[in-house]
1. Could you list the residues of the stretch 190-225 with an amide nitrogen less than 13 Å from a label point located 7 Å from the Cα of ARG158 in the Cα-to-C-beta direction?
2. Apply the Karplus parameterisation 6.51 cos²θ - 1.76 cosθ + 1.60, with θ equal to phi minus 60°, to every residue of the stretch 60-67 and state each ³J(HN,Hα) to the nearest whole Hz, in sequence, with x for glycine and proline.
3. Which one of PRO218, VAL42, SER75 is farthest out on the positive end of the charge dipole of the chain, using unit charges on Cβ (Lys, Arg +1; Asp, Glu -1) and the Cα centre as origin?
4. Quick query: amide H of LEU185 versus all other amide H atoms, modeled in the peptide plane; which residues come in under 5 Å with a sequence gap of 5 or more or a different chain?
5. Going by how many other Cβ atoms sit within 10 Å of their own, how do CYS6, CYS81 line up, fewest first?
6. List the pair-distance distribution P(r) of the stretch 5-139, using every Cα-Cα distance, as the percent of pairs falling in each 10 Å bin from 0 up to the bin containing the longest distance, rounded to whole percents.
7. Let's test this: bin the Cα-Cα distances of the chain at 5 Å from zero up to the farthest pair and state each bin's percent.
8. Calculate how large, on average over all directions, the projected area of the Cα convex hull of the stretch 95-221 is; give the answer in nm² to one decimal.
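Coordinate-derived values only; no laboratory data. Worth saying up front: this structure is predicted, and the values here are computed from it rather than measured. Note that each Cβ is placed from the backbone with ideal geometry, even for glycine, and that neighbours are counted across all protein chains shown.
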Amino acid sequence: MIDDLCILIPSRIGSTRITNKPLIKLNNKTLIQRVMINALKVTKNSYVATDSELIRDSIYEISKNVILTKSDHISGTDRICEAANSLRLNENTFILNLQGDEPFIPSQLIELVIKDFKSKKCDVITVSGVINSEDEILNPNCVLVETDFNNYATNFSRTQKINNPRRHIGIYGYRLKTLRKLVSLEPTKNELKLKLEQMRFLDNKYSIFVSEFDQTIPNGIDTKDDIVTAINYLNKHEDN
C-alpha cells in the first residue's frame, strides 16, 4: 500500500440525467454514502469533494470527511484538485479520483491500481474491465478504452468504433503535482465534445496506464435502469 494515499470522490448535485443522483437511495444508503463507505475500507484518508450542502449532510451521517467546493467546475478532476489544495497535501501524495457514481468498486481493484502505479512509468493510471455484451458497446453511457500493446491508453470513446475495446472503469490515480498540471490546462475540444475529462490528458500527451481488472463489476449509476440493476444486485449480495 502507498503510505501517502488519499482517495478523493467528486460529487456534484446537478446531474442532468437523474435528479440529485448522489442522494438516490440504494436500499438503506444513498449512492454517495456507498461510494464513501467503500473508500473508507481502503484508507481513512478518504474525502468527498462536493458543491452541495445536501451531499455534505448525507456524508456527515457516516463521516466528517467532506470538502465543500465551488459549483462551476467542468470536471471531477478540477473539483478534486480544489479539495486536495484545501487539505494542503504534499505534492507527491498519490491521489485516487474515485467517481461518485461507482458504488461497487472493490478494494482488490484499488490495490491493483496502487501496485501498477508503483511498477509502471506513467503520469496517470486508470482501469478497464471486460465487456459483457454488445449492448455495452452501443451504450453511450458505457465509456470504452483502447490501449496499445503495453496497456497505455490511446483512445476513449462513447460511440465511436475503436480497436479491441474494453469497458473503462471510473477511477484515476496520479501524484498531486501531476493533478495540478492537468487542471492548469485548457479543456480540449475532445473533452468538451465527448464529456470525457481523460481526453484532456491524452490530447496533451500525458501517459495513461490502464490496469486490467477482469472480475465482474456492476455498472455505475447513469440511468434509472442502472438504479434498478444496482438494487437487485444489492438484494442478492448483502443483508439490508
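1. The answer is 190-199, 222-223, whose backbone nitrogens lie closer than 13 Å to the label point.
2. 4, 5, 10, 6, 9, 7, 9, 10
3. SER75
4. none
5. Least crowded to most crowded, the residues run CYS6, CYS81.
6. 11, 41, 35, 12, 0
7. All Cα pairs considered, the percentages come to 1, 6, 14, 19, 21, 19, 12, 5, 1, 0.
8. So the Cα hull casts an average projection of 7.4 nm².
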